[in-house]
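Here, each number is a calculation from the coordinates, and none is a lab measurement. All figures in this text were calculated on a predicted structure; none of them were measured in a lab. As a convention, Cβ positions derive from the backbone with ideal geometry for all residues, glycine included, and neighbour counts pool all protein chains shown.
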Amino acid sequence: MILALDNNQMTVERVCTALRSGQIVALPTDTVYGFAVDGADHDAVDALARLKGRDTKPFVFFIRKNHICKYATITHTRIIERFMPGPLTAILKKRTSVELPRSTESIGIRIPDTPFIGKLLDAYEQPLAVTSANRAGEQPHTSPYDIAEQFKEVTLVLNNGTLISEPSTVLDLTHTPPTIERKGVVAIMSIEGIYGDLVRINPEIRFNVLFVCTGNSCRSPMAEAILRTLVDPAFCEIRSAGTLHTFGMSASEHANAVTREYGGTLTAHRSQPVTPALIMWADAIFCMSQKHLEHVRQLVPAAQSKVSLLKAYAGKGRNGEIADPVGQGLDAYKAVAQDMLPALRAIAQDITRRYQEDA
């Protein structure tokens, strides 16, 4: 059955009744739709596992914020306070006295930032075991009607329209520094800003870097190519773009020449404009000037935490800008490379540190 989402108590009670009877419910969150069951009901959790096509992998639990301490040992309090409720899944050490189906020594906890989920968690006496609304290995379904049609085992689907989003960010807080286990809505740089230092990143995940200049023919391609010579490609993917709407231009002759001096190459480079999709792809965005920085922030205001001036990175050159060498001779391009180099070395060092055990 599809039920229109509202926040009245009658809807909350209807969902609670379904959960208490062991049924699977499809709920809209602040990211995507999820399948939910009573997290303490072994039979219901097993039914959810069969529906999902999941073997022994544990589920995430939705728990009221003031009840987290009943189930887990809270660490890195500032991160929890800042990002929960919100699109963050925190992995914490489970209390030894707690028994939950398919749980291990740790527990994944998520509190979606929606009024309805808040009311539901206030009303329901047990944690909810939740997973995204899809079968294992498939993309989450965005439509409540598709969910109702394809998953007959789901007895109640709450309709909040089409939901298209990145998933929640999964952050392991069971050790120091915390470890990114899945990238998602909450940016890595946002977490590091609250944590106060670099986090670790699961080696299966790559850190994405984007450089932005004007035409994407000299400064940003040079930064991209030089950084490639400084960092293990297994750790990151690096791209560049421009604020002008240009496609397919080769890098300038002088940019090519200078890049070769650093062991890099721009032979295959073709210009592209910076887009919202590129901004969302990136984990860190470095701009050559304040004008470029403001352009990126206007395109995607939510990207504020991961955008900075290249020269300001790690205190290199404070808020200075990288000069545009277009129309000048080879020496101007060499000077630009030298101006960028301290920040590029610092970026490479920090990327590497995020993947080291002792980071």
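Considering Cα pairs under 8 angstrom that are at least six residues apart, work out the relative contact order of the chain and quote it in whole percent.
15
For a protection proxy built on the mean count of beta-carbon atoms within 10 angstrom, sort 284-290, 74-80 highest first, please.
284-290, 74-80
Amide H neighbours of residue 182 under 5 Å, at least 5 residues apart or on other chains, H built in the peptide plane: list them.
When sequence neighbours closer than 5 places are left aside, the close amide H contacts are 170.
Whose amide H sits under 5 Å from the amide H of residue 157, counting only residues 5 or more places off or on another chain, with H placed in the peptide plane?
The answer is 2, 3, 26.
For Cα pairs less than 8 Å apart in space and 6+ apart in sequence, what is the mean separation divided by the residue count of segment 1-46, i.e. the relative contact order in percent?
25
With θ taken as phi - 60° and the coefficients 6.51, -1.76 and 1.60, list the Karplus ³J(HN,Hα) couplings across segment 331-340 in order, rounded to whole Hz; mark glycine and proline as x.
So the J values, rounded to whole Hz, are 4, 5, 5, 5, 5, 4, 4, 5, 5, 7.
In debye, nearest 20, what is the charge dipole magnitude of the chain about its Cα centre with +1 on Lys and Arg Cβ and -1 on Asp and Glu Cβ, if you could check?
Roughly 400 debye, rounded to the nearest 20.
Please list, ordered by chain and number, the residues whose modelled amide H lies under 5 Å from the amide H of residue 236; skip anything fewer than 5 residues away on the same chain.
It is 207, by chain and number.
Each residue of segment 229-238 in order: what ³J(HN,Hα) in whole Hz does its phi give by Karplus 6.51 cos²θ - 1.76 cosθ + 1.60, θ = phi - 60°, with x for Gly and Pro?
Once θ is set to phi - 60°, the couplings for segment 229-238 become 7, 9, 9, 5, x, 5, 8, 8, 10, 10 Hz.
Could you identify which residue out of 70, 306, 183 has the top mean-square fluctuation in a GNM of the chain using Cα springs shorter than 10 Å?
70
Just the C-alpha atoms of the chain: what Rg/Rh do they give, with Rh taken as the Kirkwood radius?
So for the chain, dividing Rg by the Kirkwood Rh gives 1.06.
State, as an integer percentage, the relative contact order of segment 206-354 based on alpha-carbon contacts under 8 Å between residues 6 or more apart.
Working: 292 pairs, mean separation 40.1, N = 149.
RCO, segment 206-354: 27 percent.
At what distance in nm do the modelled label points of residue 142 and residue 95 sit from each other, each positioned 7 Å from its Cα along Cα→Cβ?
4.1
Which of 39, 346, 97 sits farthest toward the positive end of the charge dipole of the chain, with +1 on the Cβ of Lys and Arg and -1 on the Cβ of Asp and Glu?
346
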